[in-house]
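Undergrad: I'd like to ask some things about the structure below.
The values are calculated or read from the model by the stated rules, or taken from the named source; none is laboratory data. Remember, it's a predicted structure, so these values are computed and weren't measured experimentally. Glycine also receives a Cβ, built like all others from the backbone with ideal geometry; neighbour counts cover every protein chain displayed. Just the protein is used for accessible areas: all its heavy atoms, side chains included, with ligands, DNA and RNA removed. Shrake-Rupley method; radii C 1.70, N 1.55, O 1.52, S 1.80 Å.
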Amino acid sequence: MHSAGSRLHRRYATIAGAVTSAALVAVVVAPAHAGPTVPEVTARAETPPLFDDEDGGNASADDPAIWRDPKNPAHSLVLGTAKVGGLRVYDLAGREVQSLPSPKPPSTDDEPGRLNNVDVIDGTDLALAADRGRDKLVIYRVDPHRKPGPVTDITADDASPYIFSADQDEVNKQATAYGLASWKDRRTGRVYAVVTQELTNRVALLELTKPAADGTIGYRKIRTVGFPTTFELPDHTTWTPCEEPGEQPYLEGMRVDPANGVLYAGQENVGVWRINADLTGRPTLIDKVRDYGVPYTQDPATGECVPGEDPGFGGKHLVADVEGITLIERPDGSGHLVVSSQGDSTFAMYDRDPAKGNKFTAGFRVGAGSGENAIDGADGTDSLEIVNKPFGNRYPQGLAVFQDGIDTPEVAGPDGEPREGSNYKYVDLRDLATATGLNFR
């Protein structure tokens, strides 16, 4: 995922031509122009800042995942990607308990490992990470009793070499593995992952192989599909969001609902899609960004696109980029889909049930606390994770973890200049329920 501000202002372009498969998707959200006022919740803990500079090991917080210890929930762990800085493991107080480096490049001329997204497979001791630097999947095992650290890389040496690239030269161009979601099929017990490709509209379905005698696990690719890039508007014109030359509107934030095998995927400058997790069938666009359908002309001097008049075809709740997606699962099978609206640092919540059209239910933001030792809010959030189960006395009803793209206060570097840090914020799920007025129990 992108750091706050890196893709919040993009170039846009309009195109004319044949209507793609996106024309088959119903438009379901009314137009909107002004941003809503949403309730705030504050964090109770945060992790140490990561710094994307040489002294900080080029580490940048991006995507959290929560591993809940079924035997001792108070000893559960939070995993967080640090991109080139590897994978960090934290306890429920936000303290770092382990740091795993990114995988090494094949040679000094190749791109290093860059862990972009991480996901814990529900009900297992496995975690997966998308290695954006090497276009691979990294597989970890979590054992809270293991010394010197609870997380171990168990990726098989003979695992599929690349997810999207044909060779190392293509890998070095970095149109590689990006977003990630995983799940365990409740009927077969098989474990799958869905991975998006940076810079394109492609998404791949992978299946984990059975553990080898030495405990390592590999994966194989089942299929790759492309999401729509051109959209028919209600006025019968066609539109595509602006990207850099050679790029397509691509996806990153994803979540699979294991109860029904539905994948929710965020196309960053378009909106949120719903599709079968095995990537069969047609995708449905359940909500759109506010500037969906806005025409643009390109300034020949700067290369920037200048927006035209808003035709009012966009949604009300999401400001590009659409980023992280997670679920709040209630014990009765209901719940909420939660989506990061990075452009205005808010979060949109939708009904979990596709039969109800994934209707919008609430919005909120993670704001700054008050007092001398108050924790700042979550700004430009790339990703989030929420588990609606008890975690001991700290979080007796559940835990929500949010990436903060701009951690404050700033810390001075060795040269005295301020360093821009990023980290993860911990929110008590009881506080989120109170702020939104929703019942998660």
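Undergrad: Within the stretch 117-130, is even one residue more than 14 Å from ALA181 (Cβ to Cβ) and under 17 Å from the mean Cα position of the chain (by Cα)?
TA: no
Undergrad: What is the number of the single condition among (1) closer than 15 Å to ILE217 by Cα; (2) at pLDDT 95 or above that ASP158 does not meet?
TA: Here ASP158 meets the rest and fails (2).
Undergrad: Quick check, is GLN267 polar (S, T, N, Q), open to solvent by 20 Å² or more (accessible area, probe 1.4 Å) and under 21 Å from PHE164 (Cβ atoms)?
TA: Values: polar (S, T, N, Q): yes; open to solvent by 20 Å² or more (accessible area, probe 1.4 Å): no; under 21 Å from PHE164 (Cβ atoms): yes.
No: the conditions fail for GLN267.
Undergrad: Here's another thing I want to ask about it. Would you point out which residue out of ASP382, ASP407, ASP428 is farther than 24 Å from ALA265 by Cα, crowded, with 24+ Cβ neighbours inside 10 Å and within 23 Å of the chain's Cα centre (by Cα)?
TA: Details: ASP382 fails: farther than 24 Å from ALA265 by Cα; ASP428 fails: crowded, with 24+ Cβ neighbours inside 10 Å.
One residue alone meets the criteria, ASP407.
Undergrad: Taking the condition part of a loop (DSSP other than H, G, I, E, B) and farther than 22 Å from PHE402 by Cα, does ARG146 pass?
TA: Details: part of a loop (DSSP other than H, G, I, E, B): yes; farther than 22 Å from PHE402 by Cα: yes.
Yes: the conditions hold for ARG146.
Undergrad: Check ASN373 against each of (1) touching a strand residue (DSSP E or B) at 6+ places or on another chain (Cβ under 6 Å); (2) in a loop (DSSP other than H, G, I, E, B); (3) free of Cβ contacts under 8 Å to residues at least 24 places away in the same chain and name the one condition it does not meet.
TA: Result: ASN373 passes all but (1).
Undergrad: Which condition number does SER99 fail, the rest of (1) of a type in the set (S, T, N, Q); (2) assigned to a loop (DSSP other than H, G, I, E, B); (3) touching a strand residue (DSSP E or B) at 6+ places or on another chain (Cβ under 6 Å) being met?
TA: (2)
Undergrad: Next question. For the stretch 300-363, which fully contained strands (runs of 3 or more DSSP E) count at least 2 residues that are buried (at least 24 other Cβ atoms within 10 Å of the Cβ)?
TA: Values: elements: 305-307, 322-329, 335-341, 346-351.
The qualifying strands (runs of 3 or more DSSP E) are 322-329, 335-341, 346-351.
Undergrad: Looking only at the stretch 180-198, which residues are free of Cβ contacts under 8 Å to residues at least 60 places away in the same chain and open to solvent by less than 20 Å² (accessible area, probe 1.4 Å)?
TA: Result: GLN197, single match.
Undergrad: OK, next. Residues in the stretch 129-156 that are of a type in the set (Asp, Glu) and open to solvent by less than 30 Å² (accessible area, probe 1.4 Å): how many? Before the answer, list the steps.
TA: Start the filter on the stretch 129-156 by keeping residues that are of a type in the set (Asp, Glu), which leaves 131, 135, 143, 153.
Checking the rest, the ones that are also open to solvent by less than 30 Å² (accessible area, probe 1.4 Å) come to 131, 135.
The number of residues fulfilling the criteria is 2.
Undergrad: Would you please list the contacts, defined by Cβ atoms under 6 Å and residues six or more apart or on different chains, that run from a residue in the stretch 157-176 that is surrounded by fewer than 18 Cβ atoms within 10 Å (Cβ to Cβ) to a residue that is among the hydroxyl-bearing types (Ser, Thr, Tyr)?
TA: Final answer for the pair search is SER160/TYR219.
Undergrad: State which residue is surrounded by the most Cβ atoms within 10 Å (Cβ to Cβ) when the search covers only the stretch 69-128 and only residues that are more than 17 Å from PRO144 (Cα to Cα) and polar (S, T, N, Q).
TA: Among those that are more than 17 Å from PRO144 (Cα to Cα) and polar (S, T, N, Q), it is THR81.
Undergrad: Can you tell me which of (1) among the basic types (Lys, Arg); (2) under 27 Å from GLU309 (Cβ atoms); (3) touching a Phe, Trp or Tyr at 6+ places or on another chain (Cβ under 9 Å) is the one ARG290 doesn't meet?
TA: Going through the list (1) among the basic types (Lys, Arg); (2) under 27 Å from GLU309 (Cβ atoms); (3) touching a Phe, Trp or Tyr at 6+ places or on another chain (Cβ under 9 Å), ARG290 breaks only (3).
Undergrad: Now for a separate question. Could you grab the pairs with beta carbons closer than 8 Å, sequence gap of 6+ or different chains, first residue in the stretch 270-293 and in a strand (DSSP E or B), second one buried (at least 19 other Cβ atoms within 10 Å of the Cβ) and of a type in the set (Asp, Glu)?
TA: Close Cβ pairs (under 8 Å, with a partner that is buried (at least 19 other Cβ atoms within 10 Å of the Cβ) and of a type in the set (Asp, Glu)) amount to GLY271/ASP287; VAL272/ASP287.
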